[in-house]
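Peer 1: Take this structure, written in structure tokens, and hold onto it; I'll ask about it next.
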Amino acid sequence: KEKVYELSKKGHTISSPADILKEPYVFEFLGIKKEKDILESDLEKSLINHLSSFLMELGKGFMYVGNQVRITLDNNTHYYVDLVFYNKILRSYVLIDLKMTDMKPEYAGQMNMYINYYNKEIRDEVDNETIGIILCKGKKEVTMEYALGGLSNRLFASTYTYYIPNKEELINEVEKVLNEKDS
């Protein structure tokens with residue numbers, strides 16, 4: 001009771017990069033049907049077109065920096081970060097990479113490169129280390145453990161969904177998770 005009362009007075013507090021993450025992010029405001037497959041570029045455009053709603057879904061302190069922000073390495077190789085934000089509470093850049101598939105190990109390597117670049121080339125001395133979030137359709141815990149193990153503790157993977165499930169779907173998902181833990 002005391003913890004709930006304290007939380008109701010203070011609200012959600014952010015003291016570490018993990019505190020800004022949600023699982024899953026809900027993009028219901030985009031109006032995309034559950035069964036409809038879309039391209040990564042279309043998802044990105046939709047999020048940009050609904051930027052104020054997306055910022056609210058991300059949470060406190062986020063400011064939009066840009067999309068498809070170019071990183072150039074070796075003077076001729078270009079990479080593009082899907083979405084770049086700055087979180088004024090954490091004083092950190094937050095890089096988001098959108099993926100239309102389940103989490104794959106190579107996504108972690110790519111995001112780690114983006115984080116290292118931002119930490120060395122973009123971040124000011126008053127900024128904290130850059131945070132990377134890979135938003136993917138799904139993630140498997142064992143894959144996540146090996147893909148993210150040993151990398152920056154500021155690299156995260158989270159999932160997204162286009163809608164909030166109805167009551168029956170929610171019950172089925174809870175039962176599925178409980179059955180997996182019992183096995």
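Peer 1: Check residue 120 against each of (1) more than 22 Å from residue 26 (Cα to Cα); (2) of a type in the set (D, E, K, R); (3) modelled with pLDDT under 90 and name the one condition it does not meet.
Peer 2: All conditions are met except number (3).
Peer 1: Sort out which residues of region 20-60 are part of a loop (DSSP other than H, G, I, E, B), among the small types (Gly, Ala, Ser) and under 21 Å from residue 157 (Cβ atoms), and write them in order of number.
Peer 2: Listed by number, the list holds a single entry, 59.
Peer 1: Of everything in region 55-82 that's hydrophobic (A, V, I, L, M, F, W, C) and farther than 20 Å from residue 124 by Cβ, which residue is surrounded by the most Cβ atoms within 10 Å (Cβ to Cβ)?
Peer 2: Within region 55-82, the first condition is being hydrophobic (A, V, I, L, M, F, W, C), and the residues that meet it are 55-56, 58, 62-63, 65, 69, 71, 73, 81.
Then drop every residue that is not farther than 20 Å from residue 124 by Cβ, which leaves 55-56, 58, 73.
Details: 55: 16, 56: 12, 58: 20, 73: 11.
It comes out as 58.
Peer 1: May I pose another question? Please pick out the residue among 102, 74, 97, 37 that is out of contact with any strand residue (DSSP E or B) (no Cβ under 7 Å at 6 or more places or on another chain) and either among the β-branched types (Val, Ile, Thr) or within 28 Å of residue 173 (Cα to Cα) (or both).
Peer 2: 37
Peer 1: Separate question: Can you tell me which of (1) open to solvent by less than 100 Å² (accessible area, probe 1.4 Å); (2) at pLDDT 90 or above is the one residue 88 doesn't meet?
Peer 2: Condition not satisfied by residue 88: (1).
Peer 1: Can you spot a residue in region 143-156 that is among the hydroxyl-bearing types (Ser, Thr, Tyr), open to solvent by 20 Å² or more (accessible area, probe 1.4 Å), over 30 Å from residue 32 (Cα atoms) and in a strand (DSSP E or B)?
Peer 2: Among the residues of region 143-156, not one is among the hydroxyl-bearing types (Ser, Thr, Tyr), open to solvent by 20 Å² or more (accessible area, probe 1.4 Å), over 30 Å from residue 32 (Cα atoms) and in a strand (DSSP E or B), which makes the answer no.
Peer 1: I need a count of the residues in region 89-99 that are farther than 15 Å from residue 143 by Cβ, under 13 Å from the mean Cα position of the chain (by Cα) and in contact (Cβ under 8 Å) with a residue 40 or more places away in the chain.
Peer 2: 2
Peer 1: Look through region 25-34, keep the residues that are in contact with a strand residue (DSSP E or B) (Cβ under 7 Å, 6 or more places away or on another chain) and either crowded, with 16+ Cβ neighbours inside 10 Å or under 20 Å from residue 80 (Cβ atoms) (or both), and return whichever of them is modelled with the highest pLDDT.
Peer 2: Out of the qualifying residues, it is 27.
Peer 1: For the structure I just gave you, tell me whether residue 182 is out of contact with any Cys (no Cβ under 6 Å at 6 or more places or on another chain) and modelled with pLDDT of 85 or more.
Peer 2: no
Peer 1: Let me spell it out: the conditions are (1) under 18 Å from residue 155 (Cα atoms); (2) loosely packed, with under 15 Cβ neighbours inside 10 Å; (3) at pLDDT below 90, and residue 2 meets all of them except one. Which number is the exception?
Peer 2: (1)
Peer 1: Within region 95-114, is even one residue closer than 22 Å to residue 32 by Cα, open to solvent by less than 30 Å² (accessible area, probe 1.4 Å) and not in a strand (DSSP E or B)? Give the steps one after another, and end with the answer.
Peer 2: Of all residues in region 95-114, those closer than 22 Å to residue 32 by Cα come to 96-103.
Retained after the next criterion (residues that are open to solvent by less than 30 Å² (accessible area, probe 1.4 Å)): 96-99, 103.
Okay, now just the ones that are also not in a strand (DSSP E or B), so 99, 103.
Looking through region 95-114, at least one residue is closer than 22 Å to residue 32 by Cα, open to solvent by less than 30 Å² (accessible area, probe 1.4 Å) and not in a strand (DSSP E or B).
Peer 1: Tally the residues that are surrounded by 20 or more Cβ atoms within 10 Å (Cβ to Cβ) and either among the β-branched types (Val, Ile, Thr) or assigned to a helix (DSSP H, G or I) (or both), restricting the search to region 115-138.
Peer 2: The qualifying residues number 6.
Peer 1: Quick check: is even one residue across region 90-110 among the aliphatic types (A, V, I, L, M) and farther than 30 Å from residue 146 by Cβ?
Peer 2: Among the residues of region 90-110, not one is among the aliphatic types (A, V, I, L, M) and farther than 30 Å from residue 146 by Cβ, which makes the answer no.
The values are calculated or read from the model by the stated rules, or taken from the named source; none is laboratory data. For clarity, every value in this text was computed on a predicted model and none was experimentally measured. We place every Cβ from the backbone using ideal geometry, glycine too, and count neighbours over all the protein chains shown. Side chains included, ligands, DNA and RNA excluded: accessible areas come from the protein's heavy atoms. Shrake-Rupley method; radii C 1.70, N 1.55, O 1.52, S 1.80 Å.
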